[in-house]
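A quick write-up on the structure given underneath.
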Amino acid sequence: MKIAVIGSNGFIGKNLVNRLRKHSEDEIFSFDREDIFENGKVICKKMNFENKEFIKENFKEIDLVYYLASLTIPATSWNDPVIEIEKNLSPFLKFMEGLKDCGVKKIVYVSSAGTVYGATHGKVK
């Protein structure tokens, strides 16, 4: 199986890539907003959500995508929801639009705010 991890330089992304690399025979493709770097045997490419050709070229044979990318924190969402839309929702929708002809079988969308900030009874700051 071919697996792509978007947001592979974050806490969850790094751990997921390392775990998949150590305990799986699957081929791992790593993407992040940073420049290209290498994480063990996995080479990470800079993700470009705006470029449909980039998405088509890099995801045409991917079976599974772990989508871990986020540019905001929970407090940002509460204080300025437009930033949440511009920084997270819009890039995700562009990515999905670019994927429509790629044949990806499954997308796992992960948000870690609850694990980082725990249970709350109001705004998370």
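The values are calculated or read from the model by the stated rules, or taken from the named source; none is laboratory data. The shown structure was predicted, so the numbers you read here are calculated from the model rather than taken from an experiment. We place every Cβ from the backbone using ideal geometry, glycine too, and count neighbours over all the protein chains shown. These area figures cover heavy atoms from the full protein model, side chains too; ligands, DNA and RNA do not enter into them. Shrake-Rupley method; radii C 1.70, N 1.55, O 1.52, S 1.80 Å.
Tabulated results
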| read-out | value |
| --- | --- |
| Estimated translational D of the range 1-82 in µm²/s (Stokes, Kirkwood radius over Cα pairs; 20 °C; 1.002 mPa s) | 159 |
| Distance in nm between pseudo-label sites at LYS100 and ILE83 (7 Å out along the Cβ direction from Cα) | 3.2 |
| Accessible area in the full protein assembly, largest first, 1.4 Å probe, for MET47, MET1 | MET1, MET47 |
| Loop-located trypsin sites (Lys or Arg not before Pro) in the range 1-95, at most 15 other Cβ atoms within 10 Å (DSSP) | ARG33, LYS41, LYS60 |
| Length gained when the stretch GLU25-PHE11 is fully extended (0.36 nm per residue, less Cα-Cα span) | 2.8 nm |
